[in-house]
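The values are calculated or read from the model by the stated rules, or taken from the named source; none is laboratory data. Keep in mind that what you see is a predicted model, and the values were worked out from it rather than measured. Don't worry about glycine lacking a Cβ; one is built from the backbone with ideal geometry, like all the others, and counts go over all protein chains shown.
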């Protein structure tokens, strides 16, 4: 029962404090899942986030579903999703009329302006963490090259992020498969290649 309670509290917090939409909520989910409750490692969180980006739908809801399922199966997934979306749903229903009525109020405008830099910092922190992981895993030159290609494809060509992530995953699969076949080749062939290289 404790795990269900932790899922409820953790994802209710992300739902309440996740101002600004899915991307800005990801660092909050990472804090709950990785640092506070230790449901997964940072590497697993990053891999899950990359895969979730290739699927349709809100990213935060997909992350909640996966983490909840990992912790407590199907029921855990349902609890995590509901805990995450209900606070914002109730808040929207309760506050929509008030916010719409006072949307031009200096107070509301100041509130939005004040929270925007915080969201930017959260996204910048997440971008730095992913860049650092890519640098450690791929090396700085490859990481820089892929970042440049991604920037051009996503911003200038307006390709959907899921397509870019899918292409990278396919490329990684091809490279991993090739390396696996090389490792499983006949040892005599490897010996011959090494002898030729030494000559």
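Observations on the model:
- Qualifying residue in the stretch 79-89 (condition: surrounded by fewer than 16 Cβ atoms within 10 Å (Cβ to Cβ) and either assigned to a helix (DSSP H, G or I) or assigned by TED's automatic domain parsing to the domain that holds residue 163 (or both)): yes
For (1) assigned to a helix (DSSP H, G or I); (2) without any contact (Cβ under 8 Å) to a residue 12 or more places away in the chain; (3) touching a helix residue (DSSP H, G or I) at 6+ places or on another chain (Cβ under 7 Å); (4) not assigned by TED's automatic domain parsing to the domain that holds residue 8, each residue gets a yes or a no:
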position	(1), (2), (3), (4)
23	yes, no, yes, no
27	yes, no, yes, no
30	yes, no, yes, no
34	yes, yes, yes, no
40	no, no, yes, no
47	yes, yes, no, no
50	yes, no, yes, no
57	no, yes, no, no
62	yes, yes, yes, no
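- Only one of 144, 154 that is touching a helix residue (DSSP H, G or I) at 6+ places or on another chain (Cβ under 7 Å), at pLDDT 85 or above and not assigned by TED's automatic domain parsing to the domain that holds residue 23: 154
- Among the residues making up the stretch 137-169, those that are surrounded by fewer than 14 Cβ atoms within 10 Å (Cβ to Cβ), over 18 Å from the mean Cα position of the chain (by Cα) and not in a loop (DSSP other than H, G, I, E, B) are 140, 141, 142, 145, 148, 149, 152, 155, 156.
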